[in-house]
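See below for the structure under consideration.
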Amino acid sequence: AQSVSQHNHHVILSEAASLELGCNYSYGGTVNLFWYVQYPGQHLQLLLKYFSGDPLVKGIKGFEAEFIKSKFSFNLRKPSVQWSDTAEYFCAVNQGGRRALTFGSGTRLQVQP
Amino acid sequence: EAQVTQNPRYLITVTGKKLTVTCSQNMNHEYMSWYRQDPGLGLRQIYYSMNVEVTDKGDVPEGYKVSRKEKRNFPLILESPSPNQTSLYFCASSPGQNYNSPLHFGNGTRLTVT
């Protein structure tokens, strides 16, 4: 079965620091990759997605992620975080052509002003 | 406004008392799904539905039932709730038959079973 690992459970950064959150998945075939964000008290929202093509994808609010197939990774990055980026971030993966979406356990990001 | 609506937002109940959490979407989406979110475990899929009258088990279906009689509605039923079903529940939907489409989530239902 597909599994998704987010090794950073809780990250604390100061404003303007750079961010990288790790995401690794287990399936070796065609995958679709997503990052979702959950702001405090809100539902999940799509941050960015990768289906094919350029492995560096850009999302909303200055976030980007890079798909490295050889490493089974899809790490999320942002050059300079803001206090408003405080949220929980979930990586999600589905095998190409299948409906089941597997989520990682999430990374709680706390940005200190 | 395109949205997924869940009700209620908060629910406290006792063990064994049947309950239903409703989910409705106004985007004519074929695909709908229920997830539960627990600390340290992320989101785990309970059930999903590819279209009307088509439902299937996700990763953690035990203790739950669903139905999809209409395209817009996908209620989650707990026939005999137990304390281990205390969780935050999210309904989600997406268009189309393949999973290139991202999910649209509801605002969540926080369930406490005592």
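Take each of the peptides A:61-73, B:63-75, average the number of other beta-carbon atoms within 10 Å over its residues, and list them starting from the highest.
Numbers: A:61-73: 15.0, B:63-75: 16.8.
Per-residue Cβ counts within 10 Å, averaged per peptide and sorted highest first, yield B:63-75, A:61-73.
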Which listed residue (B:TYR47, B:ASN26, B:PRO75) has the Cα farthest towards the positive end of the charge dipole for chain B, taking +1 on Lys and Arg C-beta and -1 on Asp and Glu C-beta about the Cα centre?
B:PRO75
Segment B:36-91 versus segment A:14-39: alpha-carbon centroid distance in Å:
25
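How big is the antiparallel share of DSSP beta bridges in the protein assembly as shown, given as a percent to the nearest 5?
Details: 65 of 74 bridges.
Once the DSSP bridges in the protein assembly as shown are tallied, antiparallel ones form about 90 percent.
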Taking θ as phi - 60°, what are the ³J(HN,Hα) couplings along segment A:59-68 by the Karplus curve (6.51, -1.76, 1.60), each to the nearest whole Hz, with x for Gly and Pro?
x, 7, 6, x, 7, 9, 9, 10, 8, 10
Would you pull out the residues with amide H under 5 Å of A:VAL11's amide H, same chain only if 5 or more places away, H placed 1.01 Å from N?
A:ARG108, A:LEU109, A:GLN110
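Could you work out, residue by residue across B:34-41, how many beta carbons of other chains sit within 10 Å of that residue's beta carbon, and then give the average as an integer? If you can, show how the numbers build up before the last one.
Values: counts 0, 3, 0, 6, 1, 4, 3, 4.
Average per residue, whole number: 3.
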Starting from one equal scatterer on each C-alpha and no solvent at all, send me the Debye-based log10 I(q)/I(0) for segment B:33-114 at q = 0.17, 0.26 Å⁻¹, two decimals.
-0.67, -1.48
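Please compute, for peptide A:36-43, the average count of beta-carbon atoms on other protein chains lying within 10 Å of each residue's beta-carbon.
On the way: counts 4, 0, 5, 0, 0, 2, 3, 13.
Mean partner shielding for this stretch: 3.
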Contact order normalised by residue count of chain A, Cα under 8 Å, 6+ apart, percent
38
Would you mind working out the magnitude of the charge dipole of the protein assembly as shown relative to its Cα centre, with +1 at each Lys and Arg C-beta and -1 at each Asp and Glu C-beta, to the nearest 20 Debye?
360
Straight-distance crosslink candidates among lysines, where the alpha carbon sits under 19 Å from B:LYS57 and sequence neighbours closer than 8 are dropped
B:LYS65, B:LYS69, B:LYS71
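How many Cβ atoms of partner chains, on average, are near each residue of A:44-57 if near means within 10 Å of its Cβ?
Numbers: counts 11, 4, 4, 1, 1, 3, 0, 3, 1, 0, 0, 0, 0, 0.
Across A:44-57, the average partner-chain Cβ count within 10 Å equals 2.
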Work out from phi, with θ = phi - 60° and the Karplus expression 6.51 cos²θ - 1.76 cosθ + 1.60, the ³J(HN,Hα) of each residue of segment B:62-68, listed in order in whole Hz, and give x for Gly and Pro.
4, x, 10, 9, 9, 8, 9
Evaluate the distance, in nm, between pseudo-label points positioned 7 Å from the Cα of A:PHE51 and of B:THR22 along their respective Cα→Cβ axes.
3.4
What is the set of long-range amide H partners of B:ARG68 at a cut-off below 5 Å, with H atoms built 1.01 Å from backbone N?
B:GLU53
List the residues whose amide H sits under 5 Å from the amide H of A:VAL31, counting only those 5 or more places along or on another chain, with H placed 1.01 Å from N in the peptide plane.
A:GLY96
Normalised contact order of chain B, rounded percent, pairs of Cα under 8 Å and 6 or more residues apart:
36
Report the net charge of residues surrounding A:VAL57, where surrounding means a beta-carbon distance below 14 angstrom and charges are Lys +1, Arg +1, Asp -1, Glu -1.
+3
Please work out the FRET efficiency for the pair B:GLU53 and A:GLN110, using the Cβ-Cβ distance as r and a Förster radius of 45 Å; give the result to the nearest 0.05.
0.50
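Rule-based calculations on the coordinates, nothing more; no lab input. Here the structure is a predicted model, which means the values were calculated and not measured. Here the Cβ is made from the backbone with ideal geometry for all residues, glycine too, and neighbour counts use every protein chain on show.
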